[in-house]
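Heads up, the thing below is written out as structure tokens.
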């Protein structure tokens, strides 16, 4: 049985140098350069990159000033007080955590 070679990208630089021993300047090449040189020497075409299944758009971070953060905390506290009056414990807990998170941000920003 013939042993199947692993793809060039998965090989270490040392393995790639051993494979490319006949080429000039092999010892000074980096891994990416070795891969390109081996492909040219063997006549291997470069494989197309795989397409990502799910392209997720990253959200840009909105940076608020300390004054804006404190204003937001005040708003959330009033909303939380209303929720406590209505005995909505679950939402009041969520607001408590948001307030805590914003207070941490104000301390970091200072």
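Structure values in brief
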read-out: Fully extended contour minus Cα-Cα distance, from residue 45 to residue 107, at 0.36 nm per residue; value: 16.9 nm
read-out: Reference-scaled alpha-carbon Rg (2.2 N^0.38 Å with N residues) for segment 66-109; value: 1.17
read-out: Simple spin-label estimate for residue 70 and residue 30 in nanometres, 7 Å along Cα-Cβ; value: 4.9 nm
read-out: Difference of contour (0.36 nm per residue) and Cα-Cα distance, residue 9 to residue 87; value: 22.1 nm
read-out: Between helix 31-42 and the chain: long-axis angle, C-alpha atoms, 0 to 90°, nearest 10; value: 40 degrees
read-out: Helix 66-85 vs. the chain, principal-axis angle (Cα, 0 to 90°, nearest 10); value: 60 degrees
read-out: Scaled radius of gyration (Cα, divided by 2.2 N^0.38 Å) that the chain gives; value: 2.21
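Throughout, read-outs are computed from the coordinates displayed, never taken from laboratory work. Note that the structure is predicted; figures quoted are calculated from it, not measured. Ideal geometry is used to build each Cβ from the backbone, glycine not excepted, and the neighbour counts take in all protein chains shown.
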